[in-house]
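Below: one structure, written as structure tokens.
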Amino acid sequence: MAALEKATGDVVLKFEPFVLHVLCEELQDAQLLHSVAVNSGFRNSGITVGKGGKIMMAVRSTHCLEVPLSHKGKLMVSEEYIEFLIHVANQKMEENIRRIDRFLALKPAAGASSPPPGQAETHRPVYRRRRKRRAEPERDAHAAPEGHGQEPEPESDTESSLGIFADMTI
């Protein structure tokens, strides 16, 4: 408490739970890891797929704590309340450790997708850019040389390009 009384600025008691970001090669791996995370108590976990097909699985929880204790050097709460907050923060830390232990215990049991023995692993991008097929335009003397024309438009059928999310459960 003596250090808190000597503070001249703002003092905040803060607890942040475990966060883990995992780059996954396959969407199925991310989905499996997501279910393990949620079953371990990390309810704020999620999967993000970037434009380039990068699959990121984030293991997160919501049991944070952030409480201002002083403002501009003036203590805003009682010593009794600070002791209560420390008790709450310690309980949150214990819960955080239990969730991490559950996550680590469930992760090996879930396994990871890997190719069958004897087969080489192939990298399959999640997103493939689709282009409309265009008929070869009739060329005249003023036409641009082959390969130097306008780039084809991306396919506008969003339903088919979002088919990857059909089996995803979040």
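The values are calculated or read from the model by the stated rules, or taken from the named source; none is laboratory data. Because the structure is predicted, anything quoted here is derived from the model rather than measured. Ideal geometry is used to build each Cβ from the backbone, glycine not excepted, and the neighbour counts take in all protein chains shown.
Structure data summary
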{"quantity": "Scan of the range 54-82 for residues that are out of contact with any Asp or Glu (no Cβ under 9 Å at 6 or more places or on another chain), touching a residue at least 12 places away in the same chain (Cβ under 8 Å) and loosely packed, with under 12 Cβ neighbours inside 10 Å, ordered by number", "calculated": "62, 79"}
{"quantity": "Within the range 1-15, considering residues that are assigned to a helix (DSSP H, G or I) and aliphatic (A, V, I, L, M), the one surrounded by the most Cβ atoms within 10 Å (Cβ to Cβ)", "calculated": "4"}
{"quantity": "Strands (runs of 3 or more DSSP E) completely within the range 16-115 that count 2 or more residues being more than 16 Å from the chain's Cα centre (by Cα), within 30 Å of residue 1 (Cβ to Cβ) and not hydroxyl-bearing (Ser, Thr, Tyr)", "calculated": "65-71"}
{"quantity": "Check on residue 31, in contact (Cβ under 8 Å) with a residue 60 or more places away in the chain and either surrounded by 12 or more Cβ atoms within 10 Å (Cβ to Cβ) or touching a helix residue (DSSP H, G or I) at 6+ places or on another chain (Cβ under 9 Å) (or both)", "calculated": "yes"}
{"quantity": "Qualifying positions in the range 44-53 - at negative phi, surrounded by 14 or more Cβ atoms within 10 Å (Cβ to Cβ) and not β-branched (Val, Ile, Thr)", "calculated": "44, 45, 46"}
{"quantity": "Matching residues, the range 36-53, being under 18 Å from residue 101 (Cβ atoms) and either modelled with pLDDT of 95 or more or hydrophobic (A, V, I, L, M, F, W, C) (or both)", "calculated": "36, 37, 38, 42, 45"}
